[in-house]
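First up is the structure itself, then whatever we jot down about it.
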Amino acid sequence: MSRPESNPAAKPVQPVSDSAVFDSPASDSYAQWVRRAIAMSRARGGETVSLFESSVPEPRELLRQAVLETVEPAFSEHYVSAFGDGNPFVRDTLADRYGVPREQVLCTTGATGALSLIYRALLKPGDHVLVEAPGFDLFTCLAHAQGVAVDGFARHGDRFAINVADLEAQLTPRTRLVVLSDLHNPSGMQLDEAILRALAQLAERRGFLLVVDEVYADYAEGDRRRGAAAALSSAVISISSLTKIYGLGVLRCGWIVGAQDTVARLRAFSGQVEFGVSTLSHAVAAQVLADADSFTAATRSVVARCRPRFEAWFDRMKAEGLMVGALPEDGCICFPSLPGIDDTRAFSEWLIGKAGVIVAPGEYFGAPGHIRIGFCQRDEHLEAGLSGLESGLRAFARSPRAARVG
């Protein structure tokens with residue numbers, strides 16, 4: 001059973017259609033908006049705080065040590081070609097972590113590369129894909145690039161739950177993939193395990209593949225921590241990377257875990273088109289995975305330091321009516337709605353000029369009126385970012401409409 005919505009007053013999130021997000025006024029992609037926002041902040045001058053960041057800060061000293069251990073005083077055993085079938089040390093470590101044969105693991109150039117590979121290998125024009133809404137716009141952008149039909153299925157309420165019956169009603173005979181994230185991007189919420197199992201069973205029964213983006217999954221702690229969704233069924237594919245959990249986007253190390261026949265299809269296609277997996281970065285990734293305890297401890301330390309500060313601030317914002325929503329139990333992101341602010345893209349761009357703070361507009365996740373906040377920041381950035389966002393919210397609330405978007 002999914003958890004009840006904790007705040008019925010929150011703005012409902014409506015399902016998106018094939019083109020609702022990208023044919024709206026916010027017709028550019030999230031990646032394009034981020035580049036523009038950074039350019040705006042540079043043009044403004046002064047200090048900028050990026051609360052749109054959706055991972056822990058890069059652990060530079062640990063990364064430096066991993067690089068040195070990979071290349072000094074000579075290249076380590078991890079430095080082997082990743083061209084043919086990925087770095088073997090990465091594959092073996094991941095196979096052991098997931099409890100599967102190495103044939104069920106495929107290394108990719110980040111989680112984006114993993115999703116792109118799945119779409120290119122398994123879809124053809126005329127196929128149909130369902131993606132979660134709100135959700136990361138790349139899920140839809142990559143499907144459009146393959147010439148397939150895309151519809152959104154709604155994630156509801158403060159906890160962004162999924163109604164399996166509603167999702168099933170949206171399936172068509174051409175539905176090949178259903179794509180979601182867990183922990184959910186942009187909200188950070190974890191999907192109820194019973195719902196995830198029901199979705200896996202639905203995939204088996206209706207003959208589609210369920211793709212679960214798990215780049216945030218390792219943030220879950222205690223009883224909430226669980227294995228890969230791919231373990232639930234041969235109809236489920238899990239994708240992940242080192243980017244979100246360790247702040248190591250620079251390594252571009254991602255992977256796919258799934259049934260052996262599915263991964264074999266993906267591997268065959270990858271062998272035809274993939275030339276981008278870096279031998280050096282995946283050798284460093286192998287060293288990171290060999291020292292995973294240190295990187296995990298660094299991540300946990302950042303979350304433990306930042307979360308209480310953000311939670312106290314967030315509770316105050318909600319008490320004052322400036323924000324509505326729930327803080328996820330785990331992770332580094334939150335996705336509140338802003339009462340009285342429907343155009344959060346305009347607000348976000350106004351905020352850059354006003355306070356030098358960048359937050360991610362909900363328009364790029366299919367949920368106008370929301371913003372995604374990344375709260376795992378270095379101490380001075382977190383304090384400055386929250387202070388700037390708060391003062392911006394108060395000033396925006398007092399401003400006439402024309403000033404708000406100016």
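Among DSSP beta bridges whose residues both lie in segment 61-290, state the antiparallel percentage, nearest 5.
Working: 11 of 30 bridges.
Expressed as a percentage, antiparallel bridges in segment 61-290 total about 35.
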Inset, instruction - Pop out the ³J(HN,Hα) list for segment 64-80 in order, Karplus 6.51 cos²θ - 1.76 cosθ + 1.60 with θ = phi - 60°, rounded to Hz; leave Gly and Pro as x. - result: 4, 5, 5, 5, 4, 5, 7, 10, 10, x, 8, 4, 7, 5, 6, 7, 9
Inset, instruction - May I ask you to list the aspartates and glutamates whose Cα is less than 17 Å away from that of K124, ignoring any residue fewer than eight positions away on the same chain? - result: D18, D151
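How would D182, D293, D151 line up from fewest to most surrounding beta-carbon atoms within 10 angstrom? Provide the component values of the computation, followed by the final result.
Values: D182 25, D293 8, D151 20.
The order, fewest Cβ neighbours first, is D293, D151, D182.
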Legend entry - V273 paired with E69, simple spin-label distance in nm, labels 7 Å along Cα-to-beta-carbon: 3.6
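So what is the 222 nm mean residue ellipticity for the chain from helices alone, if each DSSP H run of at least 4 adds -39500 (n - 2.57) and you divide by all residues, rounding to the nearest 500 deg cm²/dmol? Provide the component values of the computation, followed by the final result.
Working: 14 runs with 173 residues, N = 406.
That comes out to -13500 deg cm²/dmol.
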Legend entry - Candidates A111, A154, A290, ranked by Gaussian network fluctuation over the chain, Cα under 10 Å, top entry: A290
Inset, instruction - Amide H neighbours of S181 under 5 Å, at least 5 residues apart or on other chains, H built in the peptide plane: list them. - result: D213
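Order of I358, I195, I352, I371 from fewest to most other C-beta atoms within 10 Å? Before the final figure, lay out the partial values.
On the way: I358 26, I195 18, I352 22, I371 29.
Ascending number of Cβ neighbours within 10 Å: I195, I352, I358, I371.
Using a simple charge model, +1 on the beta-carbon of Lys and Arg, -1 on the beta-carbon of Asp and Glu, nothing else, what dipole does the chain show about its Cα centre, in debye to the nearest 20? Don't skip to the answer; put the middle values down first.
Working: 41 positive and 48 negative charges, 155 e Å.
Roughly 740 debye for the chain.
Where a number appears in this text, it was derived from the coordinates with a stated rule and is not lab data. All figures in this text were calculated on a predicted structure; none of them were measured in a lab. Heads up, the Cβs are rebuilt from the backbone with ideal geometry, glycines too, and the neighbour counts pull from every protein chain shown.
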